[in-house]
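Following: one structure in structure tokens, then a few remarks.
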Amino acid sequence: MKRRYYSTILILAGVLLTGWLVSLKRDLFKGTPYSTVVTDRSGELLGARVAADGQWRFPPCDTVPERYARAVVQFEDRHFYLHPGVNPVSLARALVQNIRAGHVESGGSTLTMQVIRISRQRERNLWQKGIEAIQALRLEIRCSKKEILALYASHAPFGGNVVGLDAASWRYFGRPPSELSWAEAATLAVLPNAPSSMHPGKQRDALLEKRNRLLLRLLKHGDIDEAIYETAITEPLPDNPHPLPSLARHYVERQPRGKRTRTGIDIHLQRQVEVIADRWSDDLALYGIADLAALVIDLHSGETVAYVGNASPERKRSGMEVDIAAAPRSTGSILKPFLFCAALQDGLILPNTLIKDTPVNLGGFTPQNFDLQFHGAVHASEALARSLNVPAVHLLREYGVPRFHKLLRDAGLTTLTHDAAHYGLALILGGAEGRLDEITRAYAGLVLAPEGFPLTDPEAIWYTLDALKEVSRPDEIDPRLISSVRRVSWKTGTSYGFRDAWAVGVTPDYAVGVWCGNADGHGVPGLTGARAAGPVLFDLVNLLPEDSPWFEDPMEGVVADVCTASGYLAGPECPEKVTCVLPRKAQESGPCPYHKGGVFSLPPVMEWYYKAYHPEYEPPHKAGHDEAPLQFIYPEPGSILYLPRQMDGSPGAIAFQLAHRHPEKKVWWHLDGDYIGETQFIHEMMLSPAPGKHVLLTVDEEGQTASVAFSIAENTK
């Protein structure tokens, strides 16, 4: 009784053990590391990265090209489409051959059994062969012949560290398996038979003989004709392995590891963009500008169709591996269009509203225009087209830094990692960092209007793009005069210290972004967006196809009369006005504040600078209109000032300036209640106040007054 009990247990254990040994995993190659493979929009290979185990093993494909399929079946398993996974005739023949030879000369394995063997990676003996046979039968039940052949082609060894048909085709022949000739397909069909002892770099004569025997078999079987056979046997074997394609190399690095990813890149456009970017980068390198990044976004699909993270990889230098297109860099003026558009959308300004361009000192922050000049007042669209800094600061001050900070984040800028207070008004002048890819996509958002994008008013967007169309081109060509010249709405940016040069442009079909500079952050005198990045931008735009007409004029906003002089909504005293279609909230911008009694009158400080650039401007006093004739030019109320130091280290003086509509009038100056002097014609006083808070009061001979409160900082410069 006990003997029968133990026998039953042993039999049951044997059955369970056998079942466990021959059980078939659901995913035969689970845990197998694959190469990172990245293709363009049509499936063309952009680049690949070796798998984690050092093998070139592309992720599996579902199909096998017909030429390779026929070649490998003829070579490895001529009855592949007839047997159920095991071919008893082949096994018997192999057994006889091995007995006669006295050693293993033939395995008799089918392609299905080879798939099992490759997936298991076990020692080759009769016991393992039996398990392979049983699992092969099970695999045939689970998968179609087509699927089994694809599994084999994706995981068979092809010599060295090359695994799978895809990797082998690219490494040995430099093209995809679908483009292999019959000779090339036959070469790859025979390689897995003995990949460690015979491959294109080893025993080439034996490999060539084996390939040609297979080609003869294909001829006899009717897979190829005589002409193809004669041509195929004359083809040489490949020499050294080919390097894999390396297009959009930084973009390839950004894709998921160990997977096959199809991107929106257009490989043909990518090649052209890389040629232009490399040429410009090499030219700029002569001037100490080592790095250049560029990208193109298709505004119809929203996809990135060309991407150069850093041009000229062959030119060795530090930073060449940095993906500058995705690196945070100081933005310079490149964000100004978003403030202009936001202010239009909010009704804060109209397209040609006059904005102050006068000296400003806000807690020690004293922005300057690039030319170090002030213009008194500038129309908003002109200020944007000319990229004037001071009007932008005045506008941001009115719009609000927290609101603009949120708008930029909502537009997709992930680099604003601090709160709004950290950046302050410098946010509009390069006080923050941005990425070329994100900023270019934000520009694209003006046309694409993706869900959640914060700028949605079509009229505000149109006026923004229209203003950017007037930015002076590096080639000094006026596209309005030459119909064949491409029109672009574009903007440049230059960071403090000439470290970053930006140019981003939009056409109805594409958004293009360019950055130039040095990856390590050191500046180069003369490195500006207009001179360095602008010409690259226009070269890229000129190679792009042009399909769509230019942006249509606004039609859906509110219709209103606008004062031609001030750009505000026309008031009853505005003598000249024009009817415009404006953004929806335009009515909230308020009427013209500068026409009084039919006379155009600016505040004294604005007038002081404005009249130098506008000889047609008549100061109000000549027209019998004279009120509030005094106003401080410098400093602004609440300014924090620093006394300069003399050569001997002693404190210097600051020039306090006053604008007076009647410069011939005498003005008496008082600091903190103490009389300090008088001026006439040129109303300027050099003072060295002590650290602390002060009030400066001026009185003219007619009793008109102006005062300003300011502070002198303790830590003098």
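The values are calculated or read from the model by the stated rules, or taken from the named source; none is laboratory data. Fair warning: this is a prediction, and the values are worked out from it, not measured in the lab. Positions of Cβ are backbone-derived with ideal geometry, glycine not excepted, and every protein chain shown enters the neighbour counts. We work out accessible area using only protein heavy atoms, side chains counted, and drop any ligands, DNA or RNA first. Shrake-Rupley method; radii C 1.70, N 1.55, O 1.52, S 1.80 Å.
Residues in the stretch 267-298 that are in a loop (DSSP other than H, G, I, E, B) and either open to solvent by 40 Å² or more (accessible area, probe 1.4 Å) or touching a Phe, Trp or Tyr at 6+ places or on another chain (Cβ under 6 Å) (or both): 2 in all.
Scanning the stretch 337-358 turns up one or more residues that are assigned to a loop (DSSP other than H, G, I, E, B), under 30 Å from Tyr617 (Cα atoms) and modelled with pLDDT under 95. Looking across Ala285, Ala290, Ala277, one residue alone is modelled with pLDDT of 95 or more, touching a Lys or Arg at 6+ places or on another chain (Cβ under 6 Å) and within 30 Å of Gly526 (Cβ to Cβ). It is Ala290.
Selection within the stretch 305-324: residues that are among the β-branched types (Val, Ile, Thr) and open to solvent by less than 20 Å² (accessible area, probe 1.4 Å). The member of this set that is nearest to Gly47 (Cα to Cα) is Val308.
Under 23 Å from Thr456 (Cα atoms), in contact (Cβ under 8 Å) with a residue 40 or more places away in the chain and buried (at least 22 other Cβ atoms within 10 Å of the Cβ): is that true of Gly493 in this structure? Considered against the rule, which asks whether it is under 23 Å from Thr456 (Cα atoms), in contact (Cβ under 8 Å) with a residue 40 or more places away in the chain and buried (at least 22 other Cβ atoms within 10 Å of the Cβ), Gly493 comes out as no.
Any idea how many residues of the stretch 210-229 are loosely packed, with under 12 Cβ neighbours inside 10 Å and part of a helix (DSSP H, G or I)? Outline the logic, then answer.
So the first thing to find is which residues in the stretch 210-229 are loosely packed, with under 12 Cβ neighbours inside 10 Å, and the list is 220, 222, 225-227.
Now narrow it down to the ones that are part of a helix (DSSP H, G or I): 220, 226-227.
Here the count works out to 3.
Per-residue answers, yes or no, for (1) touching a strand residue (DSSP E or B) at 6+ places or on another chain (Cβ under 9 Å); (2) at pLDDT 95 or above; (3) open to solvent by less than 20 Å² (accessible area, probe 1.4 Å):
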| position | (1), (2), (3) |
| --- | --- |
| Glu552 | no, no, no |
| Glu556 | yes, no, no |
| Ala560 | yes, yes, yes |
| Thr564 | yes, yes, no |
| Pro572 | yes, no, no |
| Pro575 | yes, no, no |
| Leu582 | yes, yes, yes |
| Glu588 | no, no, no |
| Tyr594 | yes, no, no |
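Checking the stretch 325-333 against the condition returns a match, with at least one residue being surrounded by fewer than 24 Cβ atoms within 10 Å (Cβ to Cβ), of a type in the set (A, V, I, L, M) and at pLDDT 95 or above. The strands (runs of 3 or more DSSP E) found entirely in the stretch 595-705 include none that carry 2 or more residues being in contact with a Leu (Cβ under 8 Å, 6 or more places away or on another chain), among the acidic types (Asp, Glu) and over 30 Å from Lys577 (Cα atoms). Is it the case that Asp500 is in contact (Cβ under 8 Å) with a residue 60 or more places away in the chain and open to solvent by 50 Å² or more (accessible area, probe 1.4 Å)? So Asp500 does not fit the description; no.
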